[in-house]
Every structure is written in C-alpha cells, then in structure tokens.
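First comes the structure, then the notes that go with it.
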Amino acid sequence: MFLKTRTTPTKTPPPAAGNMVLAFGAVGFAGLVLFASLHPSPGTWGIHLSGFLPAPLRFLVLSLLVASAALIAATAVRRTQSVAIASREASTADAGRRQTWMFLLGLVPLAALLWVLRARTYFLGDGTIWLARVTSPGYASDNEPLSAWVWHGYARLLNAAGVSGSATAISTLSILCGLCAAALMAGIACRLTARGREWRIPFALLLTLGMSQLYFGYIESYPVASVLVLVYLWLALRRLDGLDSPWLVALWLPIVIAGHFSALYLIPSFAYLSWREPASPVRRVLYCAVPVAGTGLLLVLLAYSPSQLAHPFLAAMSGFRRVAAAGIAQRPYGFFSPRHAADVANALLLAMPIPVLLMARSVISHRRTGAGLTPRDRFLGLAALPGFCIAAILMTPVAPAQDWDLASLLLLPAAVLGIALGRWGESQAPRRGIALGLTGLSLGALFSFVLVTADETAGIKRFAVVATDPAWVSPQGRAYANSLLEQYYRQRDLPAQALPFARAALDAERGNVRFWINAGLDLLALDRIDEALPFLEGAVKRDAERWEGRFGLGVCYRKQQRYAESAEQLRAAVHLEDNRPDVRHELAKTLHFAGQEDSASAVWNQVVGRWPEYAAKVRAAQPAPK
C-alpha cells in the first residue's frame, strides 16, 4: 500500500527545539565550511575541500551549502508549516512496479555521474599500493582477504576480456559497487520509514553521505567492504521487521568479516539480533556460532594462513598500546589532545555531517518528549558504537585524511542510525523544508569532496597540504606521502617537479634507501650528475641488493666516462633484475662507448630477442642518419 499526500497550512506551536538544533547546526556547518575553504589547513581536512576547487565550482558548492542552511533556518522559525496528511492508495502492484522501474532507470545517470566524476589520483588511502597489488599474480592481504580476492578477480576478468589493466579500467569496480550500494540504500531507507513515499528523503541522505566518495572510482578494499556492510544492515533491519530467516543474517556476517576484519565491530549488534529471536537458548547459541564457523571456512577457502590472521590483530594491539601510553609514535601529538579531537570531528563531518545533526536533534527531542528507543534504534546503536570507538582510537602514522576510508567503514552504521533518528514518516519527522534543506546540505558536502578528487590539480594540491605537515603527520607518514607525490611526477617524466618531494621524503626518513635512490634518479634525469652521485653511491653503500640504485649509479658513471665502473654497476643491476630491457639497453650503451662492440652487440641481441617491441621503440626514437 502506498500513500497519497496532500498539504494544508495549519497553526503550530512555536518552533520545536529539535528543529532549532538542526537550524543552528546547519548554519554552523555551512559557516565552518565557508571559513575552512578560505583558509585550508591540515586541521580542517574534513571541511576545507571547497578551498581547492576552481573559483566557479567553489562558488556553486558554497552557494548550495549556504542556500540549504538558509532554507533549514527559515523553515525552523516559521510558525506555520505544511502538514502531510496520508491517505492509502489501493493500486499497490502497479505503483510498486512503476517505482521499481523509475529506480532502475535512475541507476543509469548515477553510473554516468560516478564515471564522469571518478577520482583522478589515488593518493588517499593506499590506492597506489592496491593498484599495483590487483594487477600482480597474487592477491594476499592481511586485513581484507575477500575484498582483495574480488579486486584481483575483477582485474583477471578484464584481462581475459582483452581490457588493459589500467587504473581507469580497474576503477570501474568501485562504480559497480556504487550501483549496488544505491540499491541497498533504497532498501534500507524503506526500512527506516513508516509509510508511503517518505523513503525518498532518507534514501537521498544515505546516497549523499561523504563516504559515497568510495564509489567514485576509488581503488581500495573499502568500496567492496562497505557494500558487504550495507547488505548486513539491510538484512538485519528486514529481520527486525519479521522478514526472512534469522539464518540469513548469520550466514552473511562471516562474509562481511572476511571482506574486512574491522567488521568484527558488528558482532554486538548481531548478538542483540540473536537474543531477540523467539527461539530456544540452544538455537540462539547456534546463531552466534555460525559467523565463527563461517569465517573460518571462508578463510580456508581463500588460502588465508593463521600467520596472516595474527598480523592485523598484533598490529592493532600494538597501536592500542601506544594509545594507552599516550605516546606520539603514531602522530606528532598525543591521544588526549585537541588535535586528535579535531581529527575525530573532521572524520565525522566528512563522512556523515547530516546524521550528526539528526543525532543532536534526536537527543534534544528525546529529553523534551521522553520518547523511548525502538528495537531498530538499539540494533543500530550496538552496530554504531563499537565502530565509532575504533574510529576515535585510530592514530596511524599516515595523515588522518588518508585514513578517511577506514573511518568511513567504521562509521557506516552510525550514519544509518543518525538518519533513522529522523523518524521519517512519523509525526516527529523534520518539516518538509528542513528535509529538503538537509538533502541540499548533504549534496553540497559530498560534491565538495567528489569534485576535488575528480580534479587532478585540486586533488594533488589538497594531498600535499594534508599529508606533509610535520605538525600533523609523523615522519613515517610524511615520507610515505612525499614519496607518492615524487612517484606521481616521475612517472609523468617531470623530474623537476618530483625532486622537491624526493628530498622531503628523504629528510623525513633518512634510513629508507628507496628515498636515496629516488632523489638520485630525479637528479640524474635533470642531468645534474655531480649532485646525483652522492645519493646513488649512498644508496648502494646502504643496500647493494637494490637494482635501481645500481642502475642509476651505472648511468651516472657512464656520463662521467667511467666506463669500467659503469659496466660493473649495470651488470650487477641485470643480475638483480633480469626482466627489464632498459637495464640491458644501458649496459649495451656503456659497452659500446667503452669500445667493446662485440659485447655490446651480444647484450643488444638479447634485448631484441626477448623484448622485440622495446627494441623497435628504441630504434624508432633514434634520429635518422644525415
């Protein structure tokens, strides 16, 4: 049965305190975003995104945020409002089919939007590492074995279909995850609303959560893992409404845990769901045993060894010990500090700003009305609280903005809880103007994030701000971030832009040989041989088993006409890395300049025989004889 609504203006009491909380919160959020966008800094990484956009886009996003906040405030202070009066409509089957077809058709423009505004850089999270991982023969992962298996399997499917394993092609998996997530969000929204068409506002708020950035071409485990969590929440909410079998949720939970081990935070909510089942104590115990046995079976099927299983938990316990000791090994500030509190607030405002406002409204409304919690609220609360606590404890070495994806996965049930507390379709629901304003506010917040990651220049600029500041990021985190930027520019043959980041990475972590090599190779590409030599000689002295250092040093020696030393280093590079034609090509050039033509020809013939395409490319690049 569907609802038909009509609206009539009625006299109402003075604005409710809950609506005023939304008004103040919306205006405050828009003001914070506006201020942070004018002065982007590492301490405002969750709200400063508009500051990195080109002026026209920045104006549009900020205008949407300000207009939405103004609509919420204006609606909250009005003494009259439009009240929706529900009446039941009989033609359920036809109306249901019509809405289903409209939703399915809506997935087409959504897919186009996810594609057009997909991320152009992969600095956030471990995107570059995952991109290399999913195209390699193995797919081992310590924390998310099932998600890694899905990504690796998708890359193999693309390869079998003759599609190149480029970042653009592989990123389509996250877009497919976004379409699945949209369908699940629609299902969850229907479970959060009492009647009729009221599901559309909670669906819009779910779809425009900041964590939806995961579906815009994001390469990491989290697009897959978040879809698995959404399925769990949807199945559990259906079960709370008396639908489906309780075994369905029990069988799905191990899949969620195998998707990402952090999903263990969902166990208290599953225990509550099992406890509510009208079953004998023995059967309830069996419900709880299924996820344990199922997770073990999945890990066996994924060839996940016990040693791998121990690694993420040992790492987590190590992190918790550092937090308990209030040390600063993970970040340059302590756990009980204003800066860490700012990190938690930024994560909330980036991933779920509107649910936070709705939670604040619910607290005020509950104190005034004394309304009790529903089983749905308790279930979502038990799913949300452990995830929030873990997100608040996180203090990894990298910049907090880089961990936004893990925080989003942990906060996903909290976001659903916040939207559920809107009481959509009930008398306590926000006024229509407020609901529309909240949707606009949520859309503006999401698009400020999406547009930055879709703009290569803006994304790089923001990453450099949030990930390289010594006041907010540990030396290890700064070294990692600067090395990503150095690699980005070097792969595009821009050594002048890469060199400052290579030096910054080395300054942050002097003991890492890879950073010595990177600085030397960038200077070599700029033909600054005398400056490159100390870096490459230092790299080889620290670790003689790295072919890159030997290779760069050999080329430097040749440019100084030190042919014997050059040949020695390049032969060592060939021995360490036998599958690179460019290394053998440089060795052949050195032997040629040294007058050893027979040896040079022999090496070059090896290149032609093993890599004919590379040889043809080299010949084509040579100038024609005059």
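Taken about its Cα centre, the chain carries a charge dipole of about 2400 debye when Lys and Arg each add +1 at the Cβ and Asp and Glu each add -1 at the Cβ.
With all projection directions averaged, the alpha carbon convex hull of region 168-220 covers 3.6 nm². Would you please classify the overall shape of region 453-571 from the alpha carbon gyration tensor, given that a ≥ b ≥ c denote the square roots of the eigenvalues, rounded means a/c under 1.5, and beyond that prolate means a/b larger than b/c while oblate covers the rest? Cα axes put region 453-571 in the prolate bin. Computed from Cα atoms, the angle from the helix 529-542 axis to the main principal axis of the chain rounds to 80 degrees. Quick one: helix 475-491 against the long Cα principal axis of the chain, what's the angle to the nearest 10°, folded into 0 to 90? Approximately 70 degrees, to the nearest 10. With 0.36 nm allotted per residue and the present C-alpha distance subtracted, the ALA616-ALA496 stretch has 40.3 nm of extension available. Dipole of region 167-239 (Lys/Arg Cβ +1, Asp/Glu Cβ -1, origin at the Cα centre): which of MET185, GLY210, SER171 lies farthest to the positive side? My answer, from the dipole projection, is MET185. With equal scatterers on the alpha carbons only and no solvent term, can you work out the Debye log10 of I(q)/I(0) for region 388-470 at 0.11, 0.12, 0.24 1/Å? Summing over Cα pairs of region 388-470 leads to -0.47, -0.54, -1.18. Rounded to the nearest 20, the Cβ-based charge dipole of region 403-561 about its Cα centre (Lys and Arg +1, Asp and Glu -1) stands at 200 debye.
To the nearest ten degrees, helix 353-369 and the longest principal axis of the Cα atoms of the chain are 30 degrees apart.
Distance between the 7 Å Cα→Cβ label points at THR100 and ALA464: 5.3 nm.
Averaged per residue, region 426-534 has 38 square angstrom of accessible surface, using a 1.4 angstrom probe with ligands and nucleic acids left out. Ordering ALA26, TYR304, GLY46 by the projection of their Cα atoms onto the charge dipole of the chain, which places +1 on the Cβ of Lys and Arg and -1 on the Cβ of Asp and Glu, puts ALA26 at the extreme positive end. Of the residues LEU253, LEU436, THR396, the one whose Cα sits farthest toward the positive end of the charge dipole of the chain, with +1 on the Cβ of Lys and Arg and -1 on the Cβ of Asp and Glu, is LEU436.
Kirkwood radius and radius of gyration were both taken over the C-alpha atoms of region 262-308, and their ratio Rg/Rh is 1.08.
Modelled this way, with points 7 Å down the Cα-to-C-beta line, the labels at LEU243 and ALA67 are 3.5 nm from one another.
Projecting the alpha carbon convex hull of region 519-619 along each direction and taking the average yields 6.1 nm².
Would you compute, from DSSP H runs of 4+ residues alone, the mean residue ellipticity of the chain at 222 nm, taking -39500 (n - 2.57) per run and dividing by the full residue count, rounded to the nearest 500?
Calculated from helices alone, the mean residue ellipticity at 222 nm is -23000 deg cm²/dmol.
Atom-type composition of the exposed protein surface of the chain places 63 percent of the accessible area on carbon and sulfur (1.4 angstrom probe).
Using the alpha carbons alone, the radius of gyration of region 245-286 stands to its Kirkwood radius in an Rg to Rh ratio of 0.99.
With R₀ fixed at 35 Å, the C-beta to C-beta distance from SER280 to ALA183 puts the FRET efficiency at about 0.50.
Were the residues from ALA17 through VAL608 laid out at 0.36 nm apart, the gain over their Cα-Cα distance would be 205.0 nm. Projected onto planes of every orientation and averaged, the convex hull of the alpha-carbon atoms in the chain covers 34.0 nm².
Among 210-216, 579-585, sorting by the average number of other beta carbon atoms lying within 10 angstrom of each residue, highest first, gives 210-216, 579-585. Within region 486-506, whose backbone N sits under 19 Å from a point 7 Å along Cα→Cβ of ALA132? Within reach of a label on ALA132: 486-495, 498-499, 501-506.
The values are calculated or read from the model by the stated rules, or taken from the named source; none is laboratory data. Keep in mind the model is a prediction, meaning the values are calculated, not measured. Neighbour counts run over all protein chains shown; Cβ positions are idealised from the backbone, glycine included. When the accessible area is computed, the model is the full protein with side chains, heavy atoms only, and any ligands, DNA or RNA have been set aside. Shrake-Rupley method; radii C 1.70, N 1.55, O 1.52, S 1.80 Å.
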